[in-house]
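One structure is given here, and the rest of the page talks about it.
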Amino acid sequence: MNRMKLKSLFIANALLLGAGFMANAQADTNVQPDNAALIKQGEYVARLGDCGACHTVAGKPAFSGGLAINSNLGTIYSTNITPDKDHGIGGYTEAQFSDAVRKGVLPDGTRLYPAMPYPDYAKINDEDMHALYVYFMQGVKPSAEQPPETDLSFPFSQRWGMRFWNWAFASDKPFQPIGGASEQVNRGAYLVESLGHCGSCHTPRGFGMNEKALDSSDSDFLAGGSLNNWDVPSLRGVAHWNEQEIVDYLRKGRNDKAAVGGEMTSVVENSTAHMTDDDLKAIAAYIKFLGGNPPVPAEDTQKASATEAKLTAAKNLSEGERLYLDNCGACHFVTGKGAPGVFPQLDQATIVNAKDPTGLIHTILAGAQQPSTARAPSTLAMPGFANRLTDEEAAQLSTFIRQGWGNNAPAVTAKDVSEVRKTLTK
């Protein structure tokens, strides 16, 4: 599960874990030969669903649970989903396994919180669910790890209340192909709407912390949201990227315009980087099929040129401009364009122009690191400047970046920076 505040308690996504957890999850080699292919398929389905992100903790056996999610309601712990009969899911029938994944209901009737994205997983088809079950029962090593019990305060401890939440906000409707769409687009739709559970972060939330839409039939689906005060961009059309740039971002964690940051880092590292090219292309085709995003504004070349010229001359600089040259210019350059495939561009970047500046401020203070993937094994890191910049300096720098070149976002205050600094891990 993602680390989240109360606002995002019911949002699932991925936490940064070491790559290759699946390799460590393989069971003994005495698997029935006729199930070998099915187990391999199930392993891939588990990658598509990013199961390890919630249920694997660094230093512990794969899928043995114990991941702590701190919230204003208390701490939620992920469960052991290895085939251990006493501490995991080894006693589950396939029907019980399916009910837990698709409906959020355990064999004893206990109801899961929708931090487990069962409203999205409800669309997983029978073939993938069967392969997933076989994989967890025969392809994962049992572990006797006993994660701490989740014990929220009243009334949130009353899990039976989730019955009414499910009635109001969840659906048991299977995946519905889009009429008239190509086979590739519908494959992408299936992956995004079900196993990928992309809507968990990229769809706005309602008053009940519910996803406002669960499929592409509603314009709210993938229309953007907020996670831990980070603006989560709309995926409807992604007008500023072409299909190949979407594919590159998902499989490498970077493209010629941007690099992953925040929670998306682990999604790439543990899930999308392991997808086949066909599936990545299907996702890209579906995202472009959705449309809905306004076209990218024409680049303000005059303003961009003025910013570049002033930084190049390095005379009569504002405090923000000076700080940019001292701390950022070596990688992102006076053009704000960065280096394609290496350092992301700042000019017209989504994180820079977000209404809420939290993501940009956090990146400046804490730094960022691109994941190492099979297709882009080099690990590129941006240092954090929390110990180098005061709140006022970080605010001045952020403001310049948000208003330089073609960017046009509100100014950042020292108070904004102070609030983000409080959230940093010591």
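Among the residues of segment 318-342, write down those that are touching a Phe, Trp or Tyr at 6+ places or on another chain (Cβ under 7 Å) and either of a type in the set (Gly, Ala, Ser) or more than 20 Å from residue 386 (Cβ to Cβ) (or both).
318, 320, 321, 336
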Among the candidates 256, 326, residue that is more than 18 Å from the chain's Cα centre (by Cα) and assigned to a loop (DSSP other than H, G, I, E, B): 256
Look at segment 68-118 and say how many of its residues are in a loop (DSSP other than H, G, I, E, B), within 24 Å of residue 174 (Cβ to Cβ) and either among the aliphatic types (A, V, I, L, M) or open to solvent by 60 Å² or more (accessible area, probe 1.4 Å) (or both). 8
So which residues in segment 353-379 are within 23 Å of residue 311 (Cβ to Cβ) and open to solvent by 40 Å² or more (accessible area, probe 1.4 Å)? 353
Output the residues belonging to segment 333-352 that are free of Cβ contacts under 8 Å to residues at least 60 places away in the same chain and buried (at least 21 other Cβ atoms within 10 Å of the Cβ). 338, 352
Any residue at all in segment 54-64 that is modelled with pLDDT of 95 or more and either surrounded by fewer than 17 Cβ atoms within 10 Å (Cβ to Cβ) or not in a loop (DSSP other than H, G, I, E, B) (or both)? no
I'd like to check something: does segment 390-399 contain any residue that is within 28 Å of residue 248 (Cα to Cα), in contact (Cβ under 8 Å) with a residue 24 or more places away in the chain, polar (S, T, N, Q) and surrounded by fewer than 19 Cβ atoms within 10 Å (Cβ to Cβ)? no
If residue 382 meets every condition in (1) under 18 Å from the mean Cα position of the chain (by Cα); (2) buried (at least 19 other Cβ atoms within 10 Å of the Cβ) apart from one, which number is that one? (1)
Name the pairs whose Cβ atoms lie under 9 Å apart, with the first residue in segment 242-258 and over 14 Å from residue 369 (Cα atoms) and open to solvent by 60 Å² or more (accessible area, probe 1.4 Å), the second part of a helix (DSSP H, G or I) and of a type in the set (Phe, Trp, Tyr), and 6 or more positions between them or separate chains? 257/249
Tell me, which residue of segment 9-40 that is surrounded by fewer than 18 Cβ atoms within 10 Å (Cβ to Cβ) and modelled with pLDDT of 85 or more is nearest to the chain's Cα centre (by Cα)? 40
Looking at 341, 336 in this structure, which one is at positive phi, in a loop (DSSP other than H, G, I, E, B) and at pLDDT 95 or above? 336
Check on residue 81, at pLDDT 95 or above and under 16 Å from residue 148 (Cβ atoms): yes
Go through (1) in a loop (DSSP other than H, G, I, E, B); (2) free of Cβ contacts under 8 Å to residues at least 60 places away in the same chain; (3) over 24 Å from the mean Cα position of the chain (by Cα) one by one and return the number of the condition residue 160 breaks. (1)
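The values are calculated or read from the model by the stated rules, or taken from the named source; none is laboratory data. Since we're looking at a predicted model, the values are computed, not measured. Cβ atoms come from the backbone with ideal geometry, glycine included; neighbour counts cover every protein chain shown. For the accessible areas, the whole protein counts, side chains as well, though only heavy atoms, and no ligand, DNA or RNA atoms are used. Shrake-Rupley method; radii C 1.70, N 1.55, O 1.52, S 1.80 Å.
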